[in-house]
Amino acid sequence: MTYCIGILLDEGVVLASDSRTNAGIDRVSTFRKMYTFEQPGERFFALLTAGNLSLTQGVVSMLGEWLNNEDPERDLFAVSSMFGAARIVGAALREIHKIDAGYLQQQDVDFTATFILAGQVKGGQLRLFMIYDAGNFIEAMGDTTYLQIGEVKYGKPILDRIITRDTSLSDAAKCALISFDSTMRSNVSVGPPIDLTIYRRDSLKSGFTIRLEDDDPYLQAIREGWGGAIHKAFHDIIHDPGWDI
């Protein structure tokens, strides 16, 4: 299992992903699940992955092989819009399925994957997409300020309570890490290192990027501060509603 999140804001986008891959209780490994493709000043794309590792790595590799072929239907560096970029990721996913899916299904291997794509092409808007296993996709629009893939349920409540379009990038990054802490607390198949990237709207280049290990001081402060705040809030809520218990 994995957990990835993209948060779309007025100021930009915050992206975070874990690095734990679980193929059984005695086969736990660390693999990066966040990838970036960019031409500074022209375009920036970030891709987060969840699902079968061979499939997601195959899609990322194929996107890399398609770069600089000047085909706007395949080349992220030739595409003219984020909608076109989402279609390219979907096309790469279908291509890998076409090559490998049948063989793996014969072995009863789960061969599914989902992706979050965020980015901006010069002259266009910053956009955020979720790409499904069939290669189709949806976009974060209107009241939808974030998209999640993987183990999404534990980290969702804090996002729903805190995140709005005008949330600052720094507050959204803090909220994303609290979301991760809640998820890791309840599901051991999600774990550090956590990759965090902050892209500022219209910058058209990589922004703040960091990898947080389990012993990172800020990650520990998030864990302790949030846990303590929850305990305090619980005990501060009136505990005698007049029931005869």
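Do the sum for the chain: with -39,500 (n - 2.57) for every DSSP H run of n ≥ 4, divided by all residues, what is the mean residue ellipticity at 222 nm, to the nearest 500 deg cm²/dmol? Please report the intermediate quantities before stating the final value.
On the way: 6 runs with 79 residues, N = 245.
When only DSSP H runs of four or more count, the value is -10500 deg cm²/dmol.
In the chain, which longest range has no GluC sites (Glu not before Pro) that are both DSSP loop (not H, G, I, E or B) and surrounded by at most 11 other Cβ atoms within 10 Å?
Working: sites that count: Glu70, Glu213.
Segment 71-212 is the longest.
What is the distance in Å between the Cα centres of the range 136-194 and the range 25-82?
That distance is 21 Å.
Quick check on the range 140-181: take the gyration tensor over C-alpha atoms, sort the square-rooted eigenvalues as a ≥ b ≥ c, and tell me if it's rounded (a/c under 1.5), prolate or oblate. Mind dumping the intermediate values first?
Working: a/c = 1.93, a/b = 1.17, b/c = 1.66.
Oblate shape, in that a/c is at least 1.5 and b/c is the bigger or equal ratio.
Kindly identify the range 194-245 as rounded, prolate or oblate by the Cα gyration tensor criterion: order the square roots of the eigenvalues as a ≥ b ≥ c, call it rounded if a/c is under 1.5, otherwise compare a/b with b/c, prolate if a/b is larger, else oblate.
Details: a/c = 5.91, a/b = 2.52, b/c = 2.35.
Prolate, since a/c reaches 1.5 and a/b exceeds b/c.
Rounded, prolate or oblate for the range 3-236? Axes are the square roots of the Cα gyration tensor eigenvalues, ordered a ≥ b ≥ c, and the cut-off for rounded is a/c under 1.5. Walk me through the intermediate numbers first.
Values: a/c = 2.02, a/b = 1.26, b/c = 1.61.
Because a/c hits 1.5 or more and a/b fails to exceed b/c, the range 3-236 counts as oblate.
If you fit an axis through the alpha-carbon atoms of helix 217-236 and take the longest principal axis of the Cα set of the chain, what angle between them do you get, 0 to 90°, nearest 10?
40
For helix 169-186, report the angle its Cα long axis makes with the longest principal axis of the Cα atoms of the chain; keep it between 0 and 90° and round to the nearest 10°.
Here the helix axis deviates by roughly 80 degrees.
Here, each number is a calculation from the coordinates, and none is a lab measurement. Model, not experiment: these values are computed from the prediction. Quick reminder, even Gly has a Cβ in these numbers, built from the backbone with ideal geometry, and neighbours come from all protein chains shown.
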